[in-house]
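Asks: One structure, pasted below without further comment.
The values are calculated or read from the model by the stated rules, or taken from the named source; none is laboratory data. Since we're looking at a predicted model, the values are computed, not measured. All Cβ positions, even for glycine, are placed from backbone atoms using ideal geometry, and neighbour counts span all protein chains on display.
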Amino acid sequence: MGFKTRPEMLYSFTMKEFCSLTLFECQDWMAQNREKPFRASQIFDWIYAKGAQSFDAMTNLGKPLRQKLSEEFAFPVLKCIRTQHSEDGETIKFLWELQDLRKVESVLIMSGDRRTVCLSIQVGCPARCAFCASGKEGLKRNLSVAEVVEQALHIDRFLKEKGERVSHIVFMGMGEPMENYETLVSAIELLNSPDALNISQRRITVSTVGVVEGIRKLGLEQFKVNLVLSLHAPNQHIRKKIIPYSRKYPLEEILIAMDEYAHLTKRDITYEYTLLDGINDKQEHAEELAALLRGKQCTVNLIPYNPVDGLHLKRPEKDAIETFRSILVEAGINTTWRYTKGKDIAAACGQLALQK
Ligand code: SF4
């Protein structure tokens, strides 16, 4: 899989998708169609502030304009076909049907004041991590900007009905964000734009398996988004077994790119480490990891493995997790142990799957 988006991986639909447009692009469309530019702001207000679900609902636009918009633009492009609520009520999984009838999922995690949405960026995933449901069948196709932005938009509308809003975004759902790079960048711009969802860049997190060119490019975008590396192993040998995709990228190169990102953006970086029984959870692995990250401004987020149907992997015992964690802490590495939410609805990390 090359770094550039392969054209055949983009779903082609004859209509343009409205939620791929910036306000400026919409104003441009208005000018080309002999409409007043302020109409663009009215439409953005209807969609992103008032939660309108069709052009027809935009009652302060004339009927001919509404008709023209409906003929030219697809909106919405996602249809919610199922929601699943975790028992504790803190996690909701949304299953979306796309226009070509493929399906993707997003997850809303409600923790304290935070309303975090975990977005998918591809149908399936090319990385095929050993512990992950999303990668089991490989990559089906890239999502478009609108398909990504609408996941957050519709969940924001759902929250607004309760007087709440999406506060944080994580690109940790289905797919490898750096392999749909142009879409990632455009989606971040729209999520962050005051004209659209207005979510601070500091509250947006991108997770990558370690696509070096993507990390470097993102560092030059002048964004202030957080970056997470799905590390999962203390050395390249184990990493190659867990993440087949990582064969393309030596670990040393990835870590250099992560350091450069931290330097350029002044953001701390996070290394995620899924603990797999008997594979990467031994004492010597913790010591090797501590040596690898010593002196770096970073956080290690330990994630005890969440079971996935059909995968014969196990979560380590609590004692092993605790020993692993204490070795990192003693080495002076800022370490968190992520309590994973939504396990009972298969919405926890690595559990999002392609739906038949
Ligand atoms: S863990 Fe992330 S990168 Fe790995 S297969 Fe799953 S979705 Fe892809």
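Asks: Quick check on Val170: is it surrounded by 22 or more Cβ atoms within 10 Å (Cβ to Cβ), assigned by TED's automatic domain parsing to the domain that holds Ser246 and more than 8 Å from the ligand (Cβ to nearest atom)?
Replies: No.
Asks: Does region 170-177 contain any residue that is touching a Leu at 6+ places or on another chain (Cβ under 6 Å) and assigned to a loop (DSSP other than H, G, I, E, B)?
Replies: Looking through region 170-177, at least one residue is touching a Leu at 6+ places or on another chain (Cβ under 6 Å) and assigned to a loop (DSSP other than H, G, I, E, B).
Asks: Looking at the structure I just gave you, is Ala233 among the small types (Gly, Ala, Ser) and under 19 Å from Arg128 (Cα atoms)?
Replies: Taking the combined requirement at face value, the residue satisfies it.
Asks: So, in region 208-220, how many residues would count as being more than 16 Å from the ligand (Cβ to nearest atom) and either touching a helix residue (DSSP H, G or I) at 6+ places or on another chain (Cβ under 6 Å) or outside the structural domain of Gln122 (by TED's automatic domain parsing) (or both)?
Replies: Total satisfying the criteria: 2.
Asks: Could you list, ordered by first residue, the pairs with Cβ atoms under 8 Å in which the first is in region 119-138 and over 16 Å from Val107 (Cα atoms) and among the acidic types (Asp, Glu) and the second is part of a loop (DSSP other than H, G, I, E, B) and more than 7 Å from the ligand (Cβ to nearest atom), at least 6 apart or interchain?
Replies: Once the first residue is over 16 Å from Val107 (Cα atoms) and among the acidic types (Asp, Glu) and sits in region 119-138, its partners that are part of a loop (DSSP other than H, G, I, E, B) and more than 7 Å from the ligand (Cβ to nearest atom) give Glu137/Leu354.
Asks: Looking at region 92-143, which of its residues are buried (at least 24 other Cβ atoms within 10 Å of the Cβ) and among the hydroxyl-bearing types (Ser, Thr, Tyr)?
Replies: Ser106, Ser120, Ser134
Asks: Which numbered condition in (1) farther than 21 Å from Ile243 by Cα; (2) modelled with pLDDT of 85 or more; (3) not acidic (Asp, Glu) is the only one that Gln355 fails?
Replies: Of (1) farther than 21 Å from Ile243 by Cα; (2) modelled with pLDDT of 85 or more; (3) not acidic (Asp, Glu), only one is false for Gln355: (2).
Asks: Looking for something buried (at least 24 other Cβ atoms within 10 Å of the Cβ), touching a Cys at 6+ places or on another chain (Cβ under 8 Å) and of a type in the set (A, V, I, L, M, F, W, C) - is there at least one such residue anywhere in region 173-183?
Replies: Scanning region 173-183, I find at least one residue that is buried (at least 24 other Cβ atoms within 10 Å of the Cβ), touching a Cys at 6+ places or on another chain (Cβ under 8 Å) and of a type in the set (A, V, I, L, M, F, W, C), so the answer is yes.
Asks: Show the residue pairs meeting these rules: Cβ distance below 7 Å; 6+ apart or different chains; first residue within region 220-248 and small (Gly, Ala, Ser); second residue assigned to a loop (DSSP other than H, G, I, E, B).
Replies: Ser230/Val209; Ala233/Asn280; Ser246/Val209; Ser246/Gly210
Asks: Can you confirm whether Glu164 is assigned by TED's automatic domain parsing to the domain that holds Arg267, away from the ligand (no atom under 16 Å from the Cβ) and over 17 Å from Leu98 (Cα atoms)?
Replies: The answer is yes for Glu164.
Asks: Go through (1) touching a residue at least 60 places away in the same chain (Cβ under 8 Å); (2) farther than 24 Å from Gln53 by Cβ; (3) away from the ligand (no atom under 12 Å from the Cβ) and name the single condition Glu189 misses.
Replies: Only one criterion in (1) touching a residue at least 60 places away in the same chain (Cβ under 8 Å); (2) farther than 24 Å from Gln53 by Cβ; (3) away from the ligand (no atom under 12 Å from the Cβ) is unmet by Glu189, namely (2).
Asks: Consider Gly310 carefully, then state whether it is away from the ligand (no atom under 16 Å from the Cβ), assigned by TED's automatic domain parsing to the domain that holds Ala187 and at positive phi. Let's see the steps before the verdict.
Replies: Details: away from the ligand (no atom under 16 Å from the Cβ): no; assigned by TED's automatic domain parsing to the domain that holds Ala187: yes; at positive phi: yes.
Considered against the rule, which asks whether it is away from the ligand (no atom under 16 Å from the Cβ), assigned by TED's automatic domain parsing to the domain that holds Ala187 and at positive phi, Gly310 comes out as no.
Asks: For Tyr261, are the conditions met, namely being within 16 Å of the ligand (Cβ to nearest atom) and under 24 Å from Val206 (Cβ atoms)?
Replies: no
Asks: Return the residue satisfying two criteria in turn: it lies in region 101-139 and is of a type in the set (D, E, K, R), in contact with a Lys or Arg (Cβ under 7 Å, 6 or more places away or on another chain) and part of a strand (DSSP E or B), and of such residues it is nearest to the ligand (Cβ to nearest atom). Even if it seems obvious, please write down each step before you answer.
Replies: So in region 101-139, the residues of a type in the set (D, E, K, R) come out as 102-103, 105, 113-115, 128, 136-137.
Now drop any that are not in contact with a Lys or Arg (Cβ under 7 Å, 6 or more places away or on another chain), which leaves 102, 105, 115.
Adding the requirement that they be part of a strand (DSSP E or B) leaves 105, 115.
Details: Glu105: 11, Arg115: 22 Å.
Filtering first and then ranking leaves Glu105.
Asks: Filtering region 140-161 down to residues that are in a strand (DSSP E or B) and farther than 19 Å from Ser207 by Cβ, which residue is farthest from the ligand (Cβ to nearest atom)?
Replies: The selected residue is Arg141.
Asks: What are the pairs with Cβ atoms under 6 angstrom where one residue, in region 280-304, is free of Cβ contacts under 8 Å to residues at least 40 places away in the same chain and the other, located anywhere, is acidic (Asp, Glu)? Sequence gap at least six, or different chains.
Replies: Gln297/Asp268
Asks: Same structure, new question: For Met172, indicate whether it is in contact with a Ser or Thr (Cβ under 6 Å, 6 or more places away or on another chain) and under 21 Å from Gly112 (Cα atoms).
Replies: yes
Asks: Follow-up. Tell me yes or no: at least one residue of region 20-32 is exposed (fewer than 15 other Cβ atoms within 10 Å of the Cβ) and in contact with a Lys or Arg (Cβ under 9 Å, 6 or more places away or on another chain).
Replies: No, there is no match, as no residue in region 20-32 is exposed (fewer than 15 other Cβ atoms within 10 Å of the Cβ) and in contact with a Lys or Arg (Cβ under 9 Å, 6 or more places away or on another chain).
Asks: Counting only residues that are within 22 Å of His237 (Cβ to Cβ) and in a loop (DSSP other than H, G, I, E, B), how many does region 248-296 have?
Replies: 11
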